[in-house]
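Report on the following structure.
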Amino acid sequence: MAKETSSSGSRDHDLVALFGSAKHPERPVEHPRPRGDSDALVEAVGKISAAFEVVENARGMLYQFHRMSGMADLQLQDGLEMLRKAGHPELADEIDEVLVGRDVVRDMWTFQIVENYDDGYYSTFQAVDAKVREQLSDGKPHVWEAEMKRNEQGGGAG
């Protein structure tokens, strides 16, 4: 159903008719809370899970940094070869000497940074998240978010 608005000349649409309702009170909670756990416990587990999701995002950025650094190094080497062919071999050799193969941080290339992150902080955080989920949520992920979905869609507390 659409009708003209006189003041702006734009069309005013019935959004529910166009897109449907976001409310679905008939749906069950996707991941119900186990054993009648308290709101505080479900929220605490949700916060730990959310923190791990941030770590996952940081890990992705670290891998992106690794890939971008490698791509820059390869493009630099292509540019240096072109510089040599353009008649500037001394400058290309000087840049090659100080930059090609250089450690990104002390004693490490980016693959080593990624491996150290994965083997240390990331794997520890991953184990923490898994242990919390196993011990407190019957291994189910996103219990807090599942209840949020149910509440926002009109189903009330799970």
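The values are calculated or read from the model by the stated rules, or taken from the named source; none is laboratory data. Quick caveat, the model's predicted, so the values are computed rather than measured. Cβ coordinates were reconstructed from backbone atoms using ideal geometry, including for glycine residues, and neighbour counts include every protein chain displayed. The accessibility values were calculated without ligands, DNA or RNA, using every heavy atom of the protein model including side chains. Shrake-Rupley method; radii C 1.70, N 1.55, O 1.52, S 1.80 Å.
Laid out as a table, the results:
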{"quantity": "Two-decimal Rg/Rh across the chain, once Rg and the Kirkwood Rh are taken from alpha-carbon atoms", "calculated": "1.28"}
{"quantity": "Projected area averaged over orientations for region 56-101, convex hull of C-alpha atoms, nm²", "calculated": "3.2"}
{"quantity": "Gyration tensor (Cα) of region 62-150, equivalent ellipsoid semi-axes in angstrom", "calculated": "47, 15, 6"}
{"quantity": "By average C-beta atoms within 10 angstrom, highest first, the peptides 48-56, 14-22, 82-90", "calculated": "48-56, 82-90, 14-22"}
{"quantity": "Net length gained if the chain between Asp78 and Lys47 were fully extended (0.36 nm per residue, minus Cα distance)", "calculated": "6.5 nm"}
{"quantity": "Nitroxide proxy distance, nm - points 7 Å out along Cα→Cβ at Met108 and Met148", "calculated": "3.2"}
{"quantity": "Accessible area per residue, Å², region 81-158 with all protein chains present, probe 1.4 Å", "calculated": "70"}
{"quantity": "Carbon plus sulfur fraction of accessible area for the chain, probe 1.4 Å, in percent", "calculated": "57"}
